[in-house]
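Below you'll find the structure, written out as structure tokens, and then a few comments.
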């Protein structure tokens, strides 16, 4: 069992990363939504922040959550996401249900979803950031994918890679549900 003395110096990790990235406390406060005073106290190890606060700080620093809480010698990236921890999103009046499979700190960099589309479900998306791409694989069912004047019909086992910085639409053509995996990659 780990001893208290072996616990990570959360404040020290935050301070080191912040200074390495040349970010002031004031700037980190703006980026994270955590007050400058609270950030200062955390860096000085005077307070023990909640997980939600640490999550906001990680987002503000643009680093993985675990990078802030890692103890010396524990640098291995290992970030399981259990089914009950996944964020669920609905579109098209609940006919399209997304389950986010990627860690939240990767949002707007690399996003991985499972997508369940009810019969007749349509996922119409406006253009994402310039250079964005999507990869879709159909696990079961049948869908159409449209980007500009291009259209593809895909069935189970089919996949497609396309520009997502243009308006695009995925529509379920199956008599029942269609299930997909979707990866969105943003140009960094």
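The values are calculated or read from the model by the stated rules, or taken from the named source; none is laboratory data. Owing to the predicted nature of the structure, the values given are computational and were not obtained by experimental measurement. Glycine also receives a Cβ, built like all others from the backbone with ideal geometry; neighbour counts cover every protein chain displayed.
Quick notes
- For residue 37, the requirement of being outside the structural domain of residue 171 (by TED's automatic domain parsing) and in contact with a helix residue (DSSP H, G or I) (Cβ under 6 Å, 6 or more places away or on another chain) is not met.
- Every residue from the stretch 137-166 that is in a loop (DSSP other than H, G, I, E, B) and either more than 21 Å from the chain's Cα centre (by Cα) or crowded, with 16+ Cβ neighbours inside 10 Å (or both): 141, 148, 149, 156, 157, 158, 164, 165
- Counting residues in the stretch 44-51 that are farther than 23 Å from residue 187 by Cα, buried (at least 17 other Cβ atoms within 10 Å of the Cβ) and without any contact (Cβ under 8 Å) to a residue 40 or more places away in the chain gives one or more.
- Test result for residue 183, outside any loop (DSSP other than H, G, I, E, B), modelled with pLDDT of 95 or more and over 30 Å from residue 54 (Cβ atoms): no
- Just one residue in the set 122, 138, 143 is farther than 30 Å from residue 57 by Cα and touching a helix residue (DSSP H, G or I) at 6+ places or on another chain (Cβ under 7 Å); that residue is 122.
- Residue ranges of strands (runs of 3 or more DSSP E) in the stretch 52-134 with at least 3 members surrounded by 12 or more Cβ atoms within 10 Å (Cβ to Cβ): 96-100, 110-117, 122-125
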